[in-house]
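The values are calculated or read from the model by the stated rules, or taken from the named source; none is laboratory data. What you see is a predicted model, and the numbers here were worked out from it, not measured in a lab. In this analysis, Cβ positions are derived from the backbone assuming ideal geometry, glycine residues included, and neighbour counts consider all displayed protein chains.
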Amino acid sequence: MQTVQELQKLLSKYEENGAAKLYYALNRKMWEMAETLNNTDLKTISLDDPKDKTFDRLKTIWKDAADLSLALKSLGDIAGITGDEQKDTKRKIPISPQSIAKIV
């Protein structure tokens, strides 16, 4: 059985800005995608080897990049991103019928 303090701590997570937390997580993934693309020299990829899937994986990254960047922009607008991750993710969003109605 959980204590009242444990339940309050769990509930407080739902009052944090989850959209901001997701924004920063996806932003880091986009950075990793860019690093992967920048660190790969296409001239060194063997296009003749059917077992080498490097080029296919890179194509997947750059095909999904535009959709992900648009989604990230929208998410940033919705989450009220200021650029200060600590501040943005810790901002309390009180749970109320009105706040839930705004989401739905």
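Got a number for residues in the stretch 7-42 being more than 12 Å from the chain's Cα centre (by Cα) and of a type in the set (Ser, Thr, Tyr)?
Number satisfying all stated conditions: 4.
Spot the failing condition for Thr82; the list is (1) loosely packed, with under 13 Cβ neighbours inside 10 Å; (2) more than 15 Å from the chain's Cα centre (by Cα); (3) over 22 Å from Ala20 (Cβ atoms), and only one is missed.
Looking at each condition in turn, Thr82 falls short on (3).
Somewhere in the stretch 10-26, is a residue at pLDDT 85 or above, out of contact with any Asp or Glu (no Cβ under 6 Å at 6 or more places or on another chain) and loosely packed, with under 10 Cβ neighbours inside 10 Å?
No, every residue in the stretch 10-26 fails to be at pLDDT 85 or above, out of contact with any Asp or Glu (no Cβ under 6 Å at 6 or more places or on another chain) and loosely packed, with under 10 Cβ neighbours inside 10 Å.
Pull out all pairs, ordered by first then second residue, where Cβ-Cβ is under 8 Å, the residues are six or more apart or on different chains, the first lies in the stretch 29-45 and is in contact (Cβ under 8 Å) with a residue 12 or more places away in the chain, and the second is of a type in the set (Gly, Ala, Ser) and in a helix (DSSP H, G or I).
Listed pairs, sorted by first residue: Met30/Ala65; Met30/Ser69; Met33/Ala65.
In the stretch 1-32, which residues are under 24 Å from Gln86 (Cβ atoms) and of a type in the set (A, V, I, L, M)?
Passing the criteria: Leu10, Leu11, Ala19, Ala20, Leu22, Ala25, Leu26, Met30.
Going residue by residue through the stretch 67-83, is there one that turns out to be closer than 30 Å to Glu15 by Cα, modelled with pLDDT of 90 or more, in a loop (DSSP other than H, G, I, E, B) and not hydrophobic (A, V, I, L, M, F, W, C)?
yes
Based on this model, can you work out whether Asp52 counts as outside any helix (DSSP H, G or I), modelled with pLDDT under 90 and surrounded by fewer than 14 Cβ atoms within 10 Å (Cβ to Cβ)?
Yes; evaluated as a whole, the condition is true for this residue.
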